[in-house]
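Remarks on the structure that follows.
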Amino acid sequence: MRRFAQAFVDMDAFAPGLPDHLVLALASAVQRYNIGKGCQAAVLFATDGDDPSITDMHWGLVPRWSKEPSTPYTTVTARLAKAPASRLFTSAWQHRHCIVPMTGYYKWDRERKPPWPMFVQRQDGRALLAAGLWERWQDEAGQVLDSFTVLTDANRDIPAPLSQDGPLFVAPQVAMDWLNGTINTPAALKARARTDALEAHYVSKAVRDLKRDDYTLLEPTSPDEGHADGTVAWDGDGLDEDED
């Protein structure tokens with residue numbers, strides 16, 4: 001997963017279980033339809049025993065030991081089984097859990113020739129809550145950058161023909177336990193992960209352009225209908241993990 005959307009129309013977009021003030025803040029947040037690497041996204045987090053809150057963070061975790069507010073590594077996602085021992089994520093795993101709410105996310109159907117993007121969401125249209133990690137980078141001058149990564153794992157509930165691997169989704173109460181550190185091992189998180197019924201539909205290849213950020217990106221389309229959206233024909237060359 002390398003692109004997702006946060007476009008919550010109202011408080012009804014969320015299943016019961018999250019505190020009302022968090023739901024209200026998310027329902028009032030800026031609607032974003034094409035969040036990619038380096039973009040800002042609304043993230044639920046907690047610090048030093050404080051109550052959870054919401055802030056915008058940079059997508060692509062920057063380790064606090066990095067000399068620059070960037071990293072050459074791919075850190076938009078982190079494998080659940082490897083994250084606790086990874087130098088990139090071990091500190092965040094131990095101390096800084098977060099939740100990334102999503103309307104849904106984009107994933108490429110690689111079975112098609114050429115590949116084509118699909119949008120994955122809950123069948124009931126409610127928000128998905130993805131478990132993640134966050135980090136706070138700060139330089140000597142006091143410049144601060146908060147960034148995050150999304151945890152991923154195998155997921156048999158991802159609709160065919162998409163590969164069955166993606167974000168680790170949790171229920172609202174589990175999300176709160178993740179934020180407060182009650183869940184602290186991969187096995188414990190995986191055991192409490194929950195995927196409500198998911199569905200997926202083809203969308204425009206315009207999602208490849210990060211400058212595009214509007215609701216039309218979520219509209220169903222057919223790969224066999226040509227390029228009415230203005231995108232150009234493309235044979236799949238250059239598709240890499242950043243567009244999976």
* Asked: Across region 46-55, what is the total count of residues that are touching a residue at least 40 places away in the same chain (Cβ under 8 Å) and not in a loop (DSSP other than H, G, I, E, B)?
  -> 1
* Asked: Among the numbered criteria (1) at pLDDT 95 or above; (2) surrounded by 15 or more Cβ atoms within 10 Å (Cβ to Cβ); (3) of a type outside the set (A, V, I, L, M, F, W, C); (4) out of contact with any helix residue (DSSP H, G or I) (no Cβ under 7 Å at 6 or more places or on another chain), which single criterion is violated by P220?
  -> (2)
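Examine region 66-87 for a residue that is assigned to a strand (DSSP E or B), farther than 26 Å from F8 by Cβ and touching a residue at least 40 places away in the same chain (Cβ under 8 Å), and state whether such a residue exists. Working first, answer last.
Here is the first cut: in region 66-87, the ones assigned to a strand (DSSP E or B) are 77-79.
Right, trim to farther than 26 Å from F8 by Cβ and you get 79.
Pick out the ones that are also touching a residue at least 40 places away in the same chain (Cβ under 8 Å) and you get 79.
Scanning region 66-87 turns up at least one residue that is assigned to a strand (DSSP E or B), farther than 26 Å from F8 by Cβ and touching a residue at least 40 places away in the same chain (Cβ under 8 Å).
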* Structure fact -> Going through region 20-48 in order, the residues found to be closer than 17 Å to D177 by Cβ and surrounded by fewer than 13 Cβ atoms within 10 Å (Cβ to Cβ) are T47
* To do: Out of S147, S163, report the one residue that is more than 30 Å from R112 (Cα to Cα) and among the polar types (S, T, N, Q).
  => S147
* To do: Taking only region 49-76 into account, find how many residues are touching an Asp or Glu at 6+ places or on another chain (Cβ under 9 Å), within 21 Å of A175 (Cα to Cα) and surrounded by fewer than 16 Cβ atoms within 10 Å (Cβ to Cβ).
  => 2
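Count, please, the residues in region 77-86 that happen to be out of contact with any strand residue (DSSP E or B) (no Cβ under 9 Å at 6 or more places or on another chain) and either surrounded by 14 or more Cβ atoms within 10 Å (Cβ to Cβ) or at pLDDT below 95 (or both).
Of region 77-86, the ones out of contact with any strand residue (DSSP E or B) (no Cβ under 9 Å at 6 or more places or on another chain) are 82, 84-85.
Filter again for either surrounded by 14 or more Cβ atoms within 10 Å (Cβ to Cβ) or at pLDDT below 95 (or both), leaving 84.
Count: 1.
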* Scan region 1-16 for residues that are modelled with pLDDT under 90, surrounded by 12 or more Cβ atoms within 10 Å (Cβ to Cβ) and either polar (S, T, N, Q) or not in a helix (DSSP H, G or I) (or both) and report the count. => 2
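The values are calculated or read from the model by the stated rules, or taken from the named source; none is laboratory data. Bear in mind the structure is a predicted one, so any value in this text is a computation, not a measurement. Counting neighbours? That spans all protein chains shown, and the Cβs are built from the backbone with ideal geometry, glycine included.
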